[in-house]
Amino acid sequence: MDEPVTPAGRLFLRPEMNQIINCTIGFQNPVDIEAIKTELSNSLLVQHPRFCSLLVKDKKGKEFWRKTQINLDDHFIIHSLDNTHDSNQEEKINSLLADFAVSSPLSTDKPLWELHIVRGLSFVILRIHHALGDGVSLMTLFLASCKRLDDNEDYRGDDEKKKIGDNNKGMRNLLEKGILGILKMIWYTVLFVIGFIGRVLWVSDRKTVISGGDGVELWPRLVATANFEFEDMKIVKKAVANATINDVLFGVISSGISRYLGIRSPHVLQEELQITGLAMVNLRKQPGLQEMTKLMNNKSGTGWGNRFGMMLLPVYCHTKNEDPLCYVKRAKVMIDQKKQSLESHFSYGIGNLVMSLFGPKVASLLNYRIVCNTTFTISNIVGPSEQLTYTGNPITFVRATASSLAHAITMHMVSYAGKANMQILVAKDIIPDPHFLAKCFEDALLEMKNTAMSVDD
């Protein structure tokens, strides 16, 4: 029996969206194609209904999932490379990802996923249509086939993450404070929801040298990677009272963009110039990766699919030299206020309501407008803290990016085994030097770390 595509899935299938997640997984040794085929054929991934279903439409154009028998060979795309030296691997990865961002849709003649492998190199790129699920769902499903490097046991999730709590903890703490907490929640929700609606209708960022706009999603892309040590982020986090890794990340984004704009347009940049980011927020009760049994149970509140909302995060650029930790402190104040509101839940709920009442075309138009009226996209997935293997081959990194948007810059960070890799996807005619932009982010974190360590001394 055919299963209707969810409202979020229908939105991602719109031609003007057509979002595909491109997940790059690096290995210590060259990829064994046959070993991966064998592993996948017995994995939960190919048994999941979304990964063995075709996308079909009825006479009215409404989308459905229809179960089919998959042929793994149809999903394996093998690339050849003349020169297979290690020095070419980063270049090849970024070249493929840049091409995938704008010019490589997935065929609807088969389930909407592919695995790309370059012979002789040590990585794969898993391409999955966003209609199948969000990054948290998809990474949790992939990790179910991985083993721990130290004891070769199945990966069941990080013990320390299970102690973190849930995404509603901050809201519960707020409500426990009584009337004042409830009033704060109402105030911040009303304030930020009005701002969100304004962004959809008419409010727009001031144009800068990194601004995108209508049609920019079709422009050619470049990709670069900013590499962070997770321990450095923890050092900065400890230096700012009650800060989180997300606070540090957004402080790094704010500082890095200020640096970049200060060099690219020094005569135009003004103190306290505001640009706005669009952040993706996981709405499940448990933060980060999910337990597989709960993920497959839609009644658990953590179920499979696209369960995230959007949140507007303003960045204030600064031209004056100041304490680098001030970026994190400002980010924390702003993000704390956001956590006390229901902005991300509102965006998720209103999106489903618009889809139900007016259909995916109107919902897609509103989503497109908010992208055009902001400057960048940011997402962050906290991956495993320990090193894993797949088919016995140690995994060295996990990275993610997606199809291009009307933004000239999108950033997706994934942490894994003590490191955090942020993929930076840019429109090359607007930001021709993404590697320099990546270095601005890396330098920002190092400066914050050095300041934090000097404070401790």
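Tabulated data
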item	result
Residue count for segment 189-203, restricted to those that are at pLDDT 90 or above, open to solvent by 40 Å² or more (accessible area, probe 1.4 Å) and either in a helix (DSSP H, G or I) or small (Gly, Ala, Ser) (or both)	4
The one condition in (1) open to solvent by 10 Å² or more (accessible area, probe 1.4 Å); (2) within 17 Å of Met280 (Cα to Cα); (3) assigned to a helix (DSSP H, G or I) that Ile370 fails to fulfil	(1)
Flag if Asn380 is assigned to a helix (DSSP H, G or I) and either open to solvent by 10 Å² or more (accessible area, probe 1.4 Å) or not basic (Lys, Arg) (or both)	no
Scan of segment 417-431 for residues that are part of a strand (DSSP E or B) and open to solvent by less than 10 Å² (accessible area, probe 1.4 Å), ordered by number	Ala420, Met422, Gln423, Ile424, Leu425, Val426, Ala427
Meets criteria (touching a residue at least 40 places away in the same chain (Cβ under 8 Å), over 20 Å from Ile381 (Cβ atoms) and open to solvent by less than 60 Å² (accessible area, probe 1.4 Å)) for Leu11	yes
In segment 24-42, the residues that are out of contact with any strand residue (DSSP E or B) (no Cβ under 9 Å at 6 or more places or on another chain) and under 15 Å from Lys147 (Cα atoms)	Asn42
Residue, nearest to Ile117 (Cα to Cα), within segment 15-39, restricted to residues that are out of contact with any Phe, Trp or Tyr (no Cβ under 9 Å at 6 or more places or on another chain) and of a type in the set (D, E, K, R)	Asp32
Filtered residue count, segment 50-67, keeping only those that are in contact with a strand residue (DSSP E or B) (Cβ under 9 Å, 6 or more places away or on another chain), outside any strand (DSSP E or B) and open to solvent by less than 50 Å² (accessible area, probe 1.4 Å)	3
Close pairs (7 angstrom Cβ cut-off, 6 or more residues apart or separate chains): touching a residue at least 40 places away in the same chain (Cβ under 8 Å) and charged (D, E, K, R) in segment 322-345, surrounded by 18 or more Cβ atoms within 10 Å (Cβ to Cβ) and assigned to a loop (DSSP other than H, G, I, E, B) anywhere	Lys329/Val240; Lys332/Val240; Lys332/Ala243
Pick from segment 235-263, criterion of a type in the set (Ser, Thr, Tyr) and within 22 Å of Lys419 (Cβ to Cβ), ranking: surrounded by the most Cβ atoms within 10 Å (Cβ to Cβ)	Ser255
Boolean, Asn167 is of a type outside the set (Ser, Thr, Tyr), at pLDDT below 85 and either under 19 Å from the mean Cα position of the chain (by Cα) or surrounded by 18 or more Cβ atoms within 10 Å (Cβ to Cβ) (or both)	yes
Near pairs, Cβ below 6 angstrom, 6+ apart or cross-chain, from segment 185-213 (of a type outside the set (S, T, N, Q)) to any residue that is open to solvent by less than 20 Å² (accessible area, probe 1.4 Å) and part of a helix (DSSP H, G or I)	Met185/Leu174; Phe192/Glu343; Arg199/Ile370; Val200/Ile370
Residue within segment 136-147 that is modelled with pLDDT of 90 or more, open to solvent by less than 20 Å² (accessible area, probe 1.4 Å) and not β-branched (Val, Ile, Thr) present	yes
Residue ID - modelled with the lowest pLDDT, chosen from residues in segment 86-132 that are part of a helix (DSSP H, G or I) and open to solvent by 50 Å² or more (accessible area, probe 1.4 Å)	Asp86
Test: residue in segment 232-245 that is at positive phi and out of contact with any Leu (no Cβ under 9 Å at 6 or more places or on another chain)	yes
Residue within segment 19-31 that is in a helix (DSSP H, G or I), more than 30 Å from Phe358 (Cβ to Cβ) and in contact with a Gly (Cβ under 8 Å, 6 or more places away or on another chain) present	no
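Quick grid of which residues meet (1) at pLDDT below 90; (2) open to solvent by less than 30 Å² (accessible area, probe 1.4 Å); (3) part of a helix (DSSP H, G or I):
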residue: Lys207; (1), (2), (3): no, no, no
residue: Ala224; (1), (2), (3): no, yes, no
residue: Glu231; (1), (2), (3): no, no, yes
residue: Gly305; (1), (2), (3): yes, yes, no
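Conditions (1) modelled with pLDDT of 90 or more; (2) surrounded by 15 or more Cβ atoms within 10 Å (Cβ to Cβ); (3) not polar (S, T, N, Q), marked per residue:
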{"residue": "Leu295", "(1), (2), (3)": "no, yes, yes"}
{"residue": "Gly301", "(1), (2), (3)": "no, no, yes"}
{"residue": "Met311", "(1), (2), (3)": "yes, yes, yes"}
{"residue": "Val315", "(1), (2), (3)": "no, yes, yes"}
{"residue": "His318", "(1), (2), (3)": "no, yes, yes"}
{"residue": "Asp336", "(1), (2), (3)": "yes, yes, yes"}
{"residue": "Met355", "(1), (2), (3)": "no, yes, yes"}
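The values are calculated or read from the model by the stated rules, or taken from the named source; none is laboratory data. All values reported here derive from a predicted model rather than from experimental measurement. Positions of Cβ are backbone-derived with ideal geometry, glycine not excepted, and every protein chain shown enters the neighbour counts. Surface areas here come from the heavy atoms of the whole protein model, side chains and all, with no ligands, DNA or RNA. Shrake-Rupley method; radii C 1.70, N 1.55, O 1.52, S 1.80 Å.
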